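Take a look at the structure below.
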Amino acid sequence: RMTLLLSRCLLKMVKENLVVPEEILSFCCNGLQGSTSPPRAWEPGKQEEVPEAMASPLPARNPTEVQMSQLVLPCHTNHRGELSIGQLLKWIDTAACLSAERHAGCPCVTASMDDIYFEHTISVGQVVNIKAKVNRAFNSSMEVGIQVSYEDLCSGKHCSICKAYATFVAQSPCGSKVKLKPLTPQTEEEKIEYSIAAERRRMRLVHKDTLKDLLTRSTRESELETRDGSVVVPAEKTRVESVELVLPPHANHQGNTFGGQIMAWMENVATIAASRLCHAHPTLRAIEMFHFRGPSQVGDRLVLKAIVNNAFKNSMEVGVCAEAYGQEMSVSRRHINSAFMTFVVLDQEGQPRTLPMVAPEPGDGERRYREASARKKIRLDRKYVVSCKQTEVPLSVPWDQSNKVYLSYNNVSALKTLVAKTNWTLAREKEKVRMYTLEEDKFLSFRIEMSVHIAASRAFFLLSDLRRRHEWDSHYASAEIVQQVDDDDMIYHVVSQTLSCENKPQDFVILASRRKPCSKGDPYVVAFRSVTLPTHPASTDFTRGETLCSGFCIWMESEETSKVAYYNQATPGYLNYVTTNVAGLSSNFCATFEACEKFLLKNKDDLIVRL
């Protein structure tokens, strides 16, 4: 109260050009802080002392991090009192855009959104907490990671809703792309996301080709499903078309329609189409990765079309298309976006109900029907190969042409995650070779590193060819390429030497994925993991071995020097061998790595000839 009265008094005296008494000024400087000592004169260049209670600042936060908390009100919900997914998508897009603009320092637009899986629904009165931050900036685009959870204010319960990755493009006022400044990760979590962001970007760029390749084969192989006793609904009866006028509240300060607003409109028509199939209120479970093909502006008319493409036993896929046109009807419509959404219908116990079947229209309808089946497989591959934790999948994942992109992603991202860990402990050091260990839950991992007088690019090409590993690794007897997937991925059949404790040698079927640096400071990466091939089943002549996560990372230290590090997440069959070396009872690891150095130095000059 005293502060308020004094403030009003000072304001009135200043307005009336009155002289403020020195006693009042002294009280302002000291009295409100509880000090009775006379005011000290300010000395230029002298640092003010900070009280001890204020001297410990909070941990530094990522400058691009944006936090949004929204209380779910009745106007945000559907008939069940649950938060509309369309409203949630608008909040997600807004938070992600604000994070992107913090880094870019200029307006940004949504370019794409990766798969989103919604784990729970959110009710009226609960709070939605959204955290968004830039994981990595490339030339003119950046990846923003978004985490969504809800909070029950009465019980204090917190629960995860979904995790999403969005790509934003920075634009200048004239609409041209802006070159972005690099982002420097600080924490272990940020370093992991930064490293894997490059691999996710690679997967997005090849997504269209992967889908096209799978759809070509699936269209030939798949047939229309039949179910005894199931109701059949013509797909035409689920068709929905709606138009929306883009108004200023729907757009950003540049007049471009918010990506989240378009997604909300698309979710609305998709829900109507799904309801027409099942005659119930469906729940959106997933949205497939999609790209915005072009912008729309204030004044545009957006035509939104939706139809059920296929209904499986407990879920259905709805295809949605958004097109834009201006006032002139004669101008052709612009394709803005297409998306595929997966819905379920829940019973009173919260379990998915059995759905009616769909009778597709001849021609395009049958094509969409078959493509939906192919996309379902891709969604499962992405969800269980890309998104899962390493402990939740078998060591050897079946290799298939349709999941090659996602297994390659999983292979490289698992190694990059291991590399980014910060709690490595130095276990042994012998001359130039250093051995580190990392103990986490069920796994003991190790890394061996040394500096070698060889260009990083040359070491990369030598170490990525498993056919030459027997030249320096005494454990390898032979390695042959059994499938050349592409320029960066290949599958080897590896045979090891027979150990004294075993009667027969081990063999491995290994996927080798190699990556060049995405930007300055990134390492060259060669990642290995076991896969299963029908052409190479386990044989009685060998003991089939498996590797979960291993490989090389090579950093350039100078033009002619590089740091070479080998990582391995030890599997149970390999654990005894690792612990023997860690404990110092064997120097086999160090000797092998020293042999690796000699191999690199011996072959660094004739590398170009061999390639």
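Distance between the modelled labels on LYS430 and ASN78, one decimal in nanometres: 6.3 nm (7 Å Cα→Cβ projection).
Shape verdict for segment 393-603, please, from the Cα gyration tensor: rounded (a/c under 1.5), prolate (a/b greater than b/c) or oblate.
Numbers: a/c = 1.40, a/b = 1.15, b/c = 1.22.
Verdict is rounded for segment 393-603.
Which FRET efficiency, nearest 0.05, do LYS157 and LEU380 yield, Cβ-Cβ r, R0 30 Å? Mind showing how you got there, number by number?
Numbers: r = 30 Å, r/R0 = 1.00.
Efficiency for this residue pair is about 0.50.
Per residue, the accessible area of segment 62-188 comes to 42 Å², computed with a 1.4 Å probe over protein heavy atoms only. Heavy-atom accessible area, probed at 1.4 angstrom with all protein chains present, ranks ASP364, ASP473 as ASP364, ASP473, highest first.
Of the trypsin sites (Lys or Arg not before Pro) found in segment 514-555, those that fall in a DSSP loop while having at most 15 other beta-carbon atoms within 10 Å are LYS520. Need one word for segment 224-360: rounded, prolate or oblate. Basis is the Cα gyration tensor (sqrt eigenvalues a ≥ b ≥ c); a/c below 1.5 gives rounded, then a/b vs b/c decides. Note, shape of segment 224-360 comes out prolate.
Quick one: if the Förster radius is 51 Å, what FRET efficiency do SER176 and SER451 give, using the C-beta to C-beta distance and rounding to 0.05?
Numbers: r = 43 Å, r/R0 = 0.85.
With R0 = 51 Å, the Cβ-Cβ based efficiency is 0.75.
Placing pseudo-labels 7 Å out from each Cα toward the beta carbon at ARG353 and ASN588 gives an inter-label distance of 6.1 nm. Based on protein heavy atoms only, segment 230-390 ends up with 45 Å² per residue of surface accessible to a 1.4 Å probe. Between the beta carbons of ASN139 and HIS253, assuming R0 = 22 Å, the FRET efficiency works out to 0.40 to the nearest 0.05.
Reducing segment 294-317 and segment 493-559 to their Cα centroids gives an inter-centroid distance of 43 Å.
Among rounded, prolate and oblate, which fits segment 454-499 when a ≥ b ≥ c are the square roots of the eigenvalues of its C-alpha gyration tensor, a/c under 1.5 means rounded, and a/b larger than b/c means prolate? Write out the running numbers ahead of the final one.
Values: a/c = 3.90, a/b = 1.19, b/c = 3.27.
Taking the square roots of the gyration eigenvalues as a ≥ b ≥ c, segment 454-499 is oblate.
The values are calculated or read from the model by the stated rules, or taken from the named source; none is laboratory data. This is a predicted model, so every value here is computed, not measured. All Cβ positions, even for glycine, are placed from backbone atoms using ideal geometry, and neighbour counts span all protein chains on display. Keep in mind that these areas ignore ligands, DNA and RNA; they rest on the heavy atoms of the full protein, side chains included. Shrake-Rupley method; radii C 1.70, N 1.55, O 1.52, S 1.80 Å.
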